[in-house]
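Peer 1: The following block contains the structure, expressed as structure tokens.
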Amino acid sequence: MAKFNKTNTIKNENCSGHVAYSMSKKEQLMTAVVTTMFGEEKYYGSTDNEIVRLATELCEKQPEFVRNLACYAREVFNMRSISHVLTVVIARKASAFTRQTIRGVVKRPDDITEIMACYKSMYGKPFPNALKRGMAEAVQNFDEYQLAKYNGGCKDVKLRDVLRITHPNPKSKEIEKLFGKILNDTLETPYTWETELSARGNTKEVWDELIASGRVGYMALLRNLRNIIKCGADITPVLAVLSDPAQVKKSKQLPFRFFSAYRTLEKEGLMTAEIHRALESAITSSIDNMEKIKGRTLIAVDVSGSMSSRISAKSDICCSDIASLLGAMANKLCEDATVCYFEASKSIYREYYRRRGMRFPESVYKDSSECGYRIANYGKYDSVLEIALQNSFAGGGTDLSLPMEYALKIDKGKRFKPFDRVIYFSDNECNRGLETTIQGLADKYRRKYNKDFWVHGVDLQGYGTQQFCGARFNLIAGWSERILPFITLAEAGMGNMVKAVEAYNTSEKTA
């Protein structure tokens, strides 16, 4: 059986000042990259500078990993801005890998302008030759419709600026004509929902025409669901697209997008049984073909105060929403699951203050429950979205020991069957007030009940520390359902998430 994270050592403190294990540089960078909307604050502060620092250091000796991670984040996890940042660091520090990275990261014309603007913002001018050559090649991969659609995507750097900076040699007469149109600003105005709404207004007639045209993308339909309903347009073909498994897979939507749409419609009284079924079908179809998680599983969902930070200033989605949603999706995959929602209890904090000779501030923790956790058992056919919506609050301190303490204390009657694993969905920032990590509780469970017990830690914030280490611990990170297969893969000895990034195939992107 494979053993992961064997070299982890105790780090003096995590972001909240408590004991934690350190991660390797690859683990730190990977967990931060797939849990970061670059330029946005987190509960314990931004991880932007740490990402750039780690990527820069790894580019010196292991640039292939940074290249793979940039492509992996963009292609597998659909993370755009952070993949742009990694591309820029590679262009600056590992120029030989720039071309391959650009081929994996640039999927739309505005990826080009955003990367150029990002480089200018981070390092200024001049632009490296490797970056210019890569962009000169990438800009030739799009047709007029795509170029026109994203021509104004970045205010600081536009496509005509890219042409003037990179001086691409057109590979055909058609592309040469396109370049002339970009420079002269004569690209044909594309038929998009943005241009049509701008020209004709947000009306039923316009939306009915747009929907019938088939030219409105999946994400646009999902994000405009509220507008489409309120203007009275025919929602039936929209729901057919949103619930189509093939369209869901092609769209690469992060699960919280469906959660956000559901919550918005419910708050405004626009939710119907038909819409509910469509959104539920969309979110569950993304895991329908995944291998089921066998045996008995404890799903530990962190709903503490540090999970209350929004992933973006423009979003109402919190980290606790993502934890609750991924926990509900994992529950659907598990053969036999118990869900534990946890936060730090008052008793833990009283002990923390007592040891330091301090008065316990009762008013600060007045909303914290005494037990610190709630146990739920959901059926396989219960709504994922409703489960997530009912349990997406956040408050109190973070006590990662509570799920393990529950597992160690539950009734050991005749029908007792030990857990095969625990899956934590958390920011990993334990502040339980005791001078130890949670690893000892997992070791105790193995000694008492199941020597093959696994701990899967799904890191949702990427702060760079963890509470577990050693054999049968699997570190995962990210906001996508694509993290879930790493549970069965790790237990089968087929590798973990860092190894998946290391092995990620970018050869088809290499000239």
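Peer 1: Would you please name the residue that is modelled with the lowest pLDDT, looking only at residues in the range 128-157 that are among the small types (Gly, Ala, Ser) and not in a loop (DSSP other than H, G, I, E, B)?
Peer 2: Ala148
One line per residue, one yes/no per condition, for (1) within 29 Å of the chain's Cα centre (by Cα); (2) crowded, with 16+ Cβ neighbours inside 10 Å; (3) at pLDDT below 90:
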residue	(1), (2), (3)
Leu163	no, yes, no
Thr166	no, yes, no
Asn169	no, no, no
Ser172	no, no, no
Glu188	no, no, no
Ser198	no, no, yes
Asp208	no, yes, no
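For (1) modelled with pLDDT under 85; (2) open to solvent by 10 Å² or more (accessible area, probe 1.4 Å); (3) within 20 Å of Ala500 (Cβ to Cβ); (4) in contact with a strand residue (DSSP E or B) (Cβ under 7 Å, 6 or more places away or on another chain), each residue gets a yes or a no:
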{"residue": "Gly433", "(1), (2), (3), (4)": "yes, no, no, no"}
{"residue": "Thr436", "(1), (2), (3), (4)": "yes, yes, no, no"}
{"residue": "Lys451", "(1), (2), (3), (4)": "no, yes, no, no"}
{"residue": "Leu460", "(1), (2), (3), (4)": "no, no, yes, yes"}
{"residue": "Cys469", "(1), (2), (3), (4)": "no, yes, yes, yes"}
{"residue": "Ala477", "(1), (2), (3), (4)": "no, no, yes, yes"}
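Let's see how each residue does on (1) under 19 Å from the mean Cα position of the chain (by Cα); (2) aliphatic (A, V, I, L, M); (3) assigned to a helix (DSSP H, G or I):
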{"residue": "Lys26", "(1), (2), (3)": "yes, no, yes"}
{"residue": "Leu29", "(1), (2), (3)": "yes, yes, yes"}
{"residue": "Arg53", "(1), (2), (3)": "no, no, yes"}
{"residue": "Arg74", "(1), (2), (3)": "yes, no, yes"}
{"residue": "Phe77", "(1), (2), (3)": "yes, no, no"}
{"residue": "Arg99", "(1), (2), (3)": "no, no, yes"}
{"residue": "Arg103", "(1), (2), (3)": "no, no, yes"}
{"residue": "Ile112", "(1), (2), (3)": "no, yes, yes"}
{"residue": "Ala117", "(1), (2), (3)": "no, yes, yes"}
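Peer 1: Does Arg164 count as part of a helix (DSSP H, G or I) and in contact (Cβ under 8 Å) with a residue 24 or more places away in the chain?
Peer 2: Considered against the rule, which asks whether it is part of a helix (DSSP H, G or I) and in contact (Cβ under 8 Å) with a residue 24 or more places away in the chain, Arg164 comes out as no.
Peer 1: Kindly provide the set of residues from the range 286-329 that are polar (S, T, N, Q) and either more than 20 Å from Asp382 (Cβ to Cβ) or more than 14 Å from the chain's Cα centre (by Cα) (or both), ordered by number.
Peer 2: Answer for the range 286-329, where residues must be polar (S, T, N, Q) and either more than 20 Å from Asp382 (Cβ to Cβ) or more than 14 Å from the chain's Cα centre (by Cα) (or both): Ser286, Asn289, Thr297, Ser304, Ser306, Ser308, Ser309, Ser312, Ser315.
Peer 1: Got at least one residue in the range 350-371 being crowded, with 22+ Cβ neighbours inside 10 Å and at pLDDT 65 or above?
Peer 2: no
Peer 1: Picking from Leu239, Leu254, which residue would you name as being of a type outside the set (Phe, Trp, Tyr), within 30 Å of Asn391 (Cα to Cα) and at pLDDT 95 or above?
Peer 2: Criteria check complete, one pass: Leu239.
Peer 1: Now for a different question. Can you tell me which residues in the range 113-123 are open to solvent by less than 20 Å² (accessible area, probe 1.4 Å) and either without any contact (Cβ under 8 Å) to a residue 40 or more places away in the chain or of a type in the set (Lys, Arg) (or both)?
Peer 2: Ile115, Tyr119 - these are the residues of the range 113-123 that are open to solvent by less than 20 Å² (accessible area, probe 1.4 Å) and either without any contact (Cβ under 8 Å) to a residue 40 or more places away in the chain or of a type in the set (Lys, Arg) (or both).
Peer 1: Would you say Glu405 is open to solvent by 40 Å² or more (accessible area, probe 1.4 Å), more than 25 Å from Phe486 (Cβ to Cβ) and modelled with pLDDT of 80 or more?
Peer 2: Against the criterion (open to solvent by 40 Å² or more (accessible area, probe 1.4 Å), more than 25 Å from Phe486 (Cβ to Cβ) and modelled with pLDDT of 80 or more), Glu405 qualifies.
Peer 1: Take residues that are of a type in the set (Gly, Ala, Ser) and tell me which of the helices (runs of 4 or more DSSP H) falling wholly in the range 180-278 contain 1 or more.
Peer 2: Of the helices (runs of 4 or more DSSP H) lying wholly inside the range 180-278, those with at least 1 residues that are of a type in the set (Gly, Ala, Ser) span 193-200, 204-213, 218-223, 236-242, 245-251, 255-267.
The values are calculated or read from the model by the stated rules, or taken from the named source; none is laboratory data. Remember, it's a predicted structure, so these values are computed and weren't measured experimentally. When we count neighbours, we look across all protein chains shown, and the Cβ atoms used for this are built from the backbone with ideal geometry, even at glycine. Please note that ligands, DNA and RNA were not included when accessible areas were found on the heavy atoms of the full protein model with its side chains. Shrake-Rupley method; radii C 1.70, N 1.55, O 1.52, S 1.80 Å.
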